[in-house]
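Provided herewith is a single structure, encoded as structure tokens, for subsequent inquiry.
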């Protein structure tokens with residue numbers, strides 16, 4: 001934007017210019033009569049709007065964009081039911097600490113009577129109140145002149161550690177309110193990953209006492225282990241340095257997959273649910289927990305036998321200690337703390353005297369996959385994983401849904417880069433993967449969504465958006481004729497688990513999407529997937545396969561079963 005006086009004709013223009021000034025160049029949304037003024041305003045400001053076919057799809061796409069890029073995902077939705085339709089997706093973003101900003105219209109301020117429901121079109125008694133439990137903050141506009149500042153505040157709050165979604169509510173009459181010329185907007189804070197960004201978040205210096213205590217505990221450990229959660233996924237270089245100093249195996253949670261690349265000599269590369277990995281954890285005598293709250297799903301219901309010496313690195317000390325007792329929490333940004341910790345450890349780590357540590361991690365992985373291949377109930381899933389690994393290019397971004405195939409991908413697919421494998425472990429929202437993948441594909445990255453036949457129907461209409469935008473997105477629908485996870489362990493299929501499955505192949509063609517039918521998880525599937533992804537065009541593969549859930553899913557947790 002040019003310096004000096006800039007005419008701001010309406011409140012909608014102020015919102016759009018604020019987004020552009022903050023480095024937001026793409027948003028996701030669905031227009032309604034109350035918020036449609038944002039569409040021409042964003043076009044004039046150079047902000048691209050990728051339109052969806054359902055507001056939930058818009059919010060998932062914004063989340064997928066935020067997870068992949070680390071930048072805020074912005075979603076524009078209309079009043080009442082339009083805003084309400086985003087709640088499941090915003091809840092998933094909240095559980096995953098994803099910086100999503102929802103900008104929703106509300107009924108005109110002139111029609112609102114506090115405490116009275118008047119029956120205005122789309123009226124809700126407290127629209128913003130619906131978002132309070134699933135966001136970091138609810139912001140409400142009362143004056144068109146403040147809209148630019150509110151947009152900046154919402155983006156800054158979403159990005160402030162710990163990151164998370166924010167809701168901004170704008171009475172519809174403020175979008176069209178005429179405004180006098182104002183000075184050029186200079187945001188107070190901008191996304192740190194944007195080229196136009198102001199300085200990144202400034203963290204307090206690492207506490208020397210916390211750092212010294214943590215280093216002393218880790219330096220004398222004979223068998224240290226590193227556990228990395230979502231809060232550490234952008235600190236891969238620092239995790240690598242500390243791991244090599246300590247000779248510590250690295251375990252990644254679902255959100256942290258790819259923090260340490262596949263092939264790293266200290267990467268365990270398997271979920272802690274596998275008995276061999278649980279045995280490794282039990283054998284360790286100290287653990288460094290980076291950016292993780294040790295949640296219920298990752299720890300098999302908090303039955304995982306973590307070492308008695310526990311050191312945590314976390315931006316939020318309360319988050320670090322809420323599920324397991326921790327000896328010391330070093331508060332701060334993971335990258336900064338680990339850098340300081342590496343310096344402290346480099347001169348204090350003691351020579352080991354007990355046993356071989358780290359163990360042969362490659363042998364552990366080989367043993368697990370050999371067991372999975374030899375087990376007739378899981379061998380088909382291993383074939384599926386092998387085909388996906390062979391077919392995908394190194395720069396592919398993968399989204400896995402809460403489906404049996406998605407469970408296998410999230411836990412066992414090798415990941416070479418951070419933020420390139422995404423899975424809705426937080427809230428566990430079925431129907432996440434496909435619309436969220438739209439957000440990643442909007443960046444131009446080759447993107448793949450692995451979904452089940454049930455979950456695909458949640459957002460099927462987004463195929464129209466994928467075609468309209470010509471996105472490089474391939475959807476793999478793994479069809480087992482019903483809700484395979486719910487079917488597992490039950491004696492019959494008469495109680496809600498069996499579905500009439502549509503012909504996704506024909507449906508895709510109807511949308512204008514290239515489609516393939518495949519009935520084999522082996523070479524035919526690998527070839528079809530490779531062709532689809534390399535085409536750079538919208539594709540759908542209808543794969544018929546009945547996979548058994550892995551041991552990463554709660555009904556099969558080894559510790560729970562035993």
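The values are calculated or read from the model by the stated rules, or taken from the named source; none is laboratory data. Since this is a predicted model, take the numbers as computed values, not measurements. Cβ placement follows ideal geometry from the backbone for every residue including glycine, while neighbour counts extend to all protein chains displayed.
Among the residues in region 232-244, are any under 19 Å from residue 363 (Cα atoms), assigned to a loop (DSSP other than H, G, I, E, B) and in contact with a strand residue (DSSP E or B) (Cβ under 9 Å, 6 or more places away or on another chain)?
No, because not a single residue in region 232-244 is under 19 Å from residue 363 (Cα atoms), assigned to a loop (DSSP other than H, G, I, E, B) and in contact with a strand residue (DSSP E or B) (Cβ under 9 Å, 6 or more places away or on another chain).
Shifting gears a bit: Among the candidates 510, 522, 461, 496, which residue alone is loosely packed, with under 15 Cβ neighbours inside 10 Å and on the phi > 0 side of the Ramachandran plot?
496
Name, by its number, the condition in (1) more than 28 Å from residue 331 (Cβ to Cβ); (2) modelled with pLDDT of 85 or more; (3) buried (at least 18 other Cβ atoms within 10 Å of the Cβ) that does not hold for residue 145.
Unmet for residue 145, out of (1) more than 28 Å from residue 331 (Cβ to Cβ); (2) modelled with pLDDT of 85 or more; (3) buried (at least 18 other Cβ atoms within 10 Å of the Cβ): (3).
Consider region 118-127. How many of its residues are surrounded by fewer than 19 Cβ atoms within 10 Å (Cβ to Cβ) and under 26 Å from residue 98 (Cβ atoms)?
Qualifying residue count for the region: 2.
I've got another one for you. Which numbered condition in (1) over 21 Å from residue 341 (Cα atoms); (2) buried (at least 21 other Cβ atoms within 10 Å of the Cβ) is the only one that residue 243 fails?
Unmet for residue 243, out of (1) over 21 Å from residue 341 (Cα atoms); (2) buried (at least 21 other Cβ atoms within 10 Å of the Cβ): (1).
Taking residue 83 as the residue in question, decide whether it is modelled with pLDDT of 95 or more, over 15 Å from residue 164 (Cβ atoms) and part of a helix (DSSP H, G or I).
Yes.
Could you say which residue among 71, 118, 67 is part of a loop (DSSP other than H, G, I, E, B), farther than 16 Å from residue 33 by Cα and at pLDDT 95 or above?
Going through 71, 118, 67 in turn, just one is part of a loop (DSSP other than H, G, I, E, B), farther than 16 Å from residue 33 by Cα and at pLDDT 95 or above: 71.
Quick check: is even one residue across region 74-93 under 10 Å from residue 439 (Cβ atoms), buried (at least 23 other Cβ atoms within 10 Å of the Cβ), assigned by TED's automatic domain parsing to the domain that holds residue 171 and within 14 Å of the chain's Cα centre (by Cα)?
no
Can you name the helices (runs of 4 or more DSSP H) wholly within region 270-375 that have at least 2 residues being within 25 Å of residue 550 (Cβ to Cβ) and in contact with a helix residue (DSSP H, G or I) (Cβ under 6 Å, 6 or more places away or on another chain)?
275-283, 361-374
Here is a further query. Being touching a strand residue (DSSP E or B) at 6+ places or on another chain (Cβ under 7 Å), surrounded by fewer than 18 Cβ atoms within 10 Å (Cβ to Cβ) and within 29 Å of residue 486 (Cα to Cα) is the filter here, so list the residues in region 525-556 that pass it.
Residue satisfying the conditions is 544 alone.
Starting from residues that are within 22 Å of the chain's Cα centre (by Cα) and not in a loop (DSSP other than H, G, I, E, B), keep the ones in region 20-47 and report whichever is farthest from residue 88 (Cα to Cα).
Only one residue fits best here, namely 26.
While we're on this one: Out of all the residues in region 105-118, is one or more within 30 Å of residue 235 (Cα to Cα) and not assigned by TED's automatic domain parsing to the domain that holds residue 437?
Within region 105-118 (the criterion being within 30 Å of residue 235 (Cα to Cα) and not assigned by TED's automatic domain parsing to the domain that holds residue 437), the answer is no, since none of the residues qualifies.
Further question on the same structure: Residue 278 - would you say it is in the same structural domain as residue 305 (by TED's automatic domain parsing), closer than 18 Å to residue 297 by Cβ and more than 25 Å from the chain's Cα centre (by Cα)?
Yes.
If we only count helices (runs of 4 or more DSSP H) wholly inside region 456-516, which ones have 1 or more residues that are in contact (Cβ under 8 Å) with a residue 60 or more places away in the chain and in the same structural domain as residue 550 (by TED's automatic domain parsing)?
462-469, 484-487
Moving to a separate point now. Of the residues 451, 438, only one is touching a residue at least 12 places away in the same chain (Cβ under 8 Å), part of a strand (DSSP E or B) and within 17 Å of the chain's Cα centre (by Cα); which?
451
Could I ask something else about it? Can you tell which of 103, 49, 26 is at pLDDT 95 or above, in contact with a helix residue (DSSP H, G or I) (Cβ under 9 Å, 6 or more places away or on another chain) and under 22 Å from residue 142 (Cβ atoms)?
Among 103, 49, 26, only 103 is at pLDDT 95 or above, in contact with a helix residue (DSSP H, G or I) (Cβ under 9 Å, 6 or more places away or on another chain) and under 22 Å from residue 142 (Cβ atoms).
So, one more: Go through the residues of region 276-298 one by one and say whether even a single one is at positive phi and buried (at least 23 other Cβ atoms within 10 Å of the Cβ).
So far as region 276-298 goes, yes, one or more of its residues are at positive phi and buried (at least 23 other Cβ atoms within 10 Å of the Cβ).
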